[in-house]
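Working notes for the structure below.
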Amino acid sequence: MYKNQTILTHMSFKGGSSKTTLNLNFVMEFCKIYKDKKVLFIDSDPQSNSSIFLLGEEVINSDIYTLKDGLSENIPLEKLIMKSPLSNFKNLDLIPSNINMVTLELILNTKAGKEYTLLNYLTNDKNINVLSNYDLIVFDLNPAISVLNTNCMICCTDIIPIINYGCYSTITGYNLLKNTYQDIKKALRIEKDDLKKPIITKFEKKENNKIKMWLEYAENKNILKNTIKQTMRKSVHYENAVLYNEPISTYLENRNIKSDIIDEIKLIIDEYIKENIITI
Ligand SMILES: Nc1ncnc2c1ncn2[C@@H]1O[C@H](COP(=O)(O)OP(=O)(O)OP(=O)(O)O)[C@@H](O)[C@H]1O
Ligand SMILES: [Mg+2]
């Protein structure tokens with residue numbers, strides 16, 4: 001919305017495809033490397049997985065503001081934002097989610113111009129000033145073609161689709177995302193080039209017949225020629241790093257774990273800078 005401001009999400013319509021794991025690893029590594037950049041993480045998923053990772057299970061029944069309060073009661077953005085909730089990341093703010101978010105979809109459906117509710121809210125006179133403080137804003141979405149997700153995607157400058165290595169349904173999901181989102185934008189008369197190259201996650205360096213068949217399938221669908229060059233490998237360390245709220249590089253260094261993945265997220269960030277997704 002502002003020059004040089006990136007609003008992004010990693011998206012797939014397939015559940016469990018690493019949206020949350022990648023969004024959180026990405027944000028934590030980014031905050032570690034670029035300490036002078038202000039980052040806002042918005043948990044827009046009523047499942048609240050990222051909020052649980054960041055704040056603990058207690059968040060579910062707690063009396064916190066979520067995006068729902070902003071969109072249904074017009075509570076100012078400033079009030080929704082938790083400032084630096086993690087002591088390790090002074091530059092990371094959060095709009096958390098909890099179970100109350102479940103009814104937001106119904107509420108949005110009653111609004112005139114329902115797909116624009118979030119954009120109108122974020123750009124009203126007061127909220128736009130708060131939003132403009134951030135260099136990077138990351139949404140964590142659930143795997144649905146919902147009004148809530150449409151609201152968030154409309155606000156994004158960059159939507160990076162996720163394909164899981166060896167997984168057929170994430171390829172189908174990628175094509176669905178491309179086609180459906182294109183239809184939505186056309187119907188809403190929105191013209192923006194926000195859907196970027198897909199990123200491959202859960203990558204494994206193994207060759208077997210199953211993988212060979214998947215690679216052939218992906219090749220036939222023209223998927224592999226134009227992806228983000230850096231992949232995210234399949235590794236349990238990614239989930240553990242998130243559990244400990246540590247950037248993957250710090251997590252591995254602190255435990256003396258030797259792993260090739262130590263630089264992967266940094267290299268993904270570098271790719272996004274090269275692709276002009278992020279401006280540094
Ligand atoms: N690179 C990875 N290597 C190994 N496991 C991974 C990786 N990325 C994600 N996972 C695992 O896959 C599972 C699903 O990941 P995650 O919750 O990030 O998916 P999601 O797309 O956010 O799911 P949902 O659609 O429910 O929001 C988790 O158990 C997570 O630890
Ligand atoms: Mg998730």
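Could we say that PRO143 is modelled with pLDDT of 95 or more and more than 14 Å from ASP43 (Cβ to Cβ) here? It is true that PRO143 is modelled with pLDDT of 95 or more and more than 14 Å from ASP43 (Cβ to Cβ). Among the residues examined, THR231 does not qualify as surrounded by 12 or more Cβ atoms within 10 Å (Cβ to Cβ), among the hydroxyl-bearing types (Ser, Thr, Tyr), over 19 Å from the mean Cα position of the chain (by Cα) and modelled with pLDDT of 95 or more.
Rundown of residues vs (1) among the small types (Gly, Ala, Ser); (2) in a helix (DSSP H, G or I); (3) buried (at least 23 other Cβ atoms within 10 Å of the Cβ), yes/no style:
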| site | (1), (2), (3) |
| --- | --- |
| ASN4 | no, no, no |
| GLY16 | yes, no, no |
| LYS32 | no, yes, no |
| GLU58 | no, yes, no |
| SER97 | yes, no, yes |
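Scanning the range 110-146 for residues that are assigned to a loop (DSSP other than H, G, I, E, B) and away from ligand 2 (no atom under 16 Å from the Cβ) yields THR110, LYS111, ALA112, GLY113, THR123, ASN124, SER132, ASN133, TYR134, ASP135. The selection criterion, being of a type in the set (Ser, Thr, Tyr), touching a strand residue (DSSP E or B) at 6+ places or on another chain (Cβ under 6 Å) and within 11 Å of ligand 1 (Cβ to nearest atom), holds for THR20. Checking ALA241, ALA187, ALA218 one by one, the residue that is closer than 18 Å to THR20 by Cβ and either among the hydrophobic types (A, V, I, L, M, F, W, C) or within 13 Å of ligand 1 (Cβ to nearest atom) (or both) is ALA241 and no other. Of all residues in the range 190-215, those that are under 20 Å from GLY16 (Cα atoms), more than 16 Å from ligand 2 (Cβ to nearest atom), touching a strand residue (DSSP E or B) at 6+ places or on another chain (Cβ under 8 Å) and not charged (D, E, K, R) total 3. In a residue-by-residue description of the range 213-224, the property of being assigned to a helix (DSSP H, G or I), surrounded by fewer than 19 Cβ atoms within 10 Å (Cβ to Cβ), in contact with a helix residue (DSSP H, G or I) (Cβ under 9 Å, 6 or more places away or on another chain) and among the hydroxyl-bearing types (Ser, Thr, Tyr) applies to at least one position.
Within the option set PRO76, PRO85, PRO46, being within 16 Å of ligand 2 (Cβ to nearest atom), closer than 26 Å to LEU119 by Cα and not polar (S, T, N, Q) holds for one residue only, PRO46.
For first residues located in the range 185-198 and at pLDDT 95 or above, partners that are in a loop (DSSP other than H, G, I, E, B) and of a type in the set (A, V, I, L, M, F, W, C) and lie 6+ apart or on another chain with Cβ distances below 6 Å form the pairs ASP194/CYS156; LYS197/ILE228.
The values are calculated or read from the model by the stated rules, or taken from the named source; none is laboratory data. Note that the coordinates shown come from a computational prediction; the quantities given were computed from them, not determined experimentally. Neighbour counts run over all protein chains shown; Cβ positions are idealised from the backbone, glycine included.
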